[in-house]
Each structure stands twice: as structure tokens, then as C-alpha cells.
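> Provided herewith is a single structure, encoded as C-alpha cells, for subsequent inquiry.
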Amino acid sequence: MATDVARYGPDIPTEAELKLCGNVEGKRVLELGGAAQAAVAFAKQGAHAIAVDSSSERLSDLRERADAEEVKIELHESDLADIAFVRADSIDLAFSSYAFGTVDDLNRVFRQLHRVLRQECPLVFSMSHPAYAMIDDSAEDPLLVRRSYFERSADGEQPHRTVSELFTGLIRSNFRVDTILEPAPASGGPRSREWHETFKYVPRTLIIRARKEGI
């Protein structure tokens, strides 16, 4: 995987095109989960990159990638909702790609990120689009709706949240949402191993940027 740019999900434009994070040179950037693939890119762009993941194996892989790219990353093995080791009002950008979908108490994560971010600084994250859960992309007829958008998660499944629930959770945690994207597949170039033709018809990835407000 290329390490020169932050990626939001399979087969969609990267941060190079979307430009949601801004210039990170000299800034403290916190990445939560997602194998912390963007932390290397942020470090290469001059950021003080901090990576948090619950998997020691993924962090070990990240350490190897950072060493190969000759950049330094501050690594922490922790649950994403438990970042007490990060000082309050010390982070310029919080980023997460496809990690929040596995978190049971996402509002707790939002509150923790509000604590550590500086005023008006952004949280930028992506996750599987809630509407995509309606589709079984491995079925013979993948565009048939298999599940209600409003259906709650069954035992053992990842939490299912609607867009409005995500928006409300951020607002209640004193964030101001300024960007919501549902990117169409990137044009041209090879497709990833995760590619399905369904991506052309149903948004695969949801991207949100929200800024810290209040105290």
C-alpha cells in the first residue's frame, strides 16, 4: 500500500484529491485505528504523528512501515475510546479511516476526541456507508435490498448507525459538522481487491469532517 497519502476507503479519491485535512506540517496529528495507514503519510508530510490501535500486530506492522520510510510515529496500543494518555487541547487533527464501524460506544470516542483537539480543529473520519449494509454484494443479484436501512445490528455484527445518528452524536459532543461526502468510485486506474460492481450504484464509503466547538 502506498504510504504517501491518507486513504479513506476502497476505490475512492484519496486525501490528495479531497483535501479535508489541510497542511499537516508541524502539527500534532492523531490517527485512530484502521491499521493507522495514514500516520506514515502524515509523518512524511512533516507532522508529529500519533497512532492508536487496539492490535499489537497491526502496530508492529506500522512500526516496520515507518522504519522503512524513515519516519517517526508515536505508537500506542489502546482501545479507541480510551485515550487518556493524550493531553487535552493538544491535537491539531484527528483522523480515522474505516475504524469507527467496530466501536460499540462511538459517542464516547467523539467525547474523547473533543477533549484532546484544540479549538476549531477537525476530526476527519470515514466508515462503511450505512446504506451499503442494505446490500449483499456477494449475492448472485447484489443490487437487491436484503436489509432495512433502519434495522438494528444483530448479535455478533458490527454496530449499525444511520447518518442522522452519526450527525447527532457529533453535535451532542460539541462538534460542528462542516462536510459530509459520499464519494463515487474514482475514475480510471486499477481497482482494489475489495472492488464490487455495486460500488457504482450504492455509496460504499461515508466521510465526515467535524470541528471542535465549545469546551
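The values are calculated or read from the model by the stated rules, or taken from the named source; none is laboratory data. As the structure is a prediction and not an experimental result, all values here were calculated from the model. Using ideal geometry, Cβ is built from the backbone for each residue, glycine included, and neighbour counts are taken over all protein chains shown. In case anyone asks, the SASA skips ligands and DNA or RNA and just uses the protein heavy atoms, side chains included. Shrake-Rupley method; radii C 1.70, N 1.55, O 1.52, S 1.80 Å.
> Of all the residues that make up the range 122-140, how many are open to solvent by 30 Å² or more (accessible area, probe 1.4 Å) and under 19 Å from P13 (Cα atoms)? Lay out the reasoning, then the answer.
In the first step, residues of the range 122-140 are kept if they are open to solvent by 30 Å² or more (accessible area, probe 1.4 Å); the result is 128, 133-134, 136-138, 140.
Those still in the list that are under 19 Å from P13 (Cα atoms) too: 128.
Count: 1.
> Now for a separate question. Working only within the range 80-90, note down all residues that are buried (at least 17 other Cβ atoms within 10 Å of the Cβ) and touching a Ser or Thr at 6+ places or on another chain (Cβ under 8 Å). If you could, list the steps in order and put the result at the bottom.
Keep residues of the range 80-90 that are buried (at least 17 other Cβ atoms within 10 Å of the Cβ), which gives 80-81, 83, 86.
Within the range 80-90, just L80 meets the criteria.
> From the list R176, R161, which residue is surrounded by 13 or more Cβ atoms within 10 Å (Cβ to Cβ) and in contact with a strand residue (DSSP E or B) (Cβ under 7 Å, 6 or more places away or on another chain)? Write out each step before concluding.
Working: R161 fails: in contact with a strand residue (DSSP E or B) (Cβ under 7 Å, 6 or more places away or on another chain).
That would be R176, the only listed residue that is surrounded by 13 or more Cβ atoms within 10 Å (Cβ to Cβ) and in contact with a strand residue (DSSP E or B) (Cβ under 7 Å, 6 or more places away or on another chain).
> So which pairs qualify, if the first residue must be in the range 54-79 and over 15 Å from E31 (Cβ atoms), the second must be modelled with pLDDT of 90 or more and open to solvent by 40 Å² or more (accessible area, probe 1.4 Å), the Cβ gap must be under 6 Å, and the two must be at least 6 apart or on different chains?
S56/E77
> Right, another one. Under 6 Å between Cβ atoms, at least 6 apart or on separate chains: pull out the pairs that start in the range 201-214 with a residue that is within 18 Å of E17 (Cα to Cα) and end on any residue that is in a strand (DSSP E or B) and open to solvent by 40 Å² or more (accessible area, probe 1.4 Å).
Cβ pairs passing all conditions: I207/L181; I208/I180; R209/D178.
Rundown of residues vs (1) modelled with pLDDT of 90 or more; (2) of a type in the set (S, T, Y); (3) within 29 Å of I91 (Cβ to Cβ), yes/no style:
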site	(1), (2), (3)
R118	yes, no, yes
L123	yes, no, yes
H129	yes, no, yes
E151	no, no, no
S173	yes, yes, yes
L206	yes, no, yes
R211	yes, no, yes
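> Can I ask one more? Output the residues belonging to the range 46-64 that are at pLDDT below 95 and surrounded by fewer than 24 Cβ atoms within 10 Å (Cβ to Cβ).
S54, S55, S56, E57, R58, L59, S60, D61, L62, R63, E64 - these are the residues of the range 46-64 that are at pLDDT below 95 and surrounded by fewer than 24 Cβ atoms within 10 Å (Cβ to Cβ).
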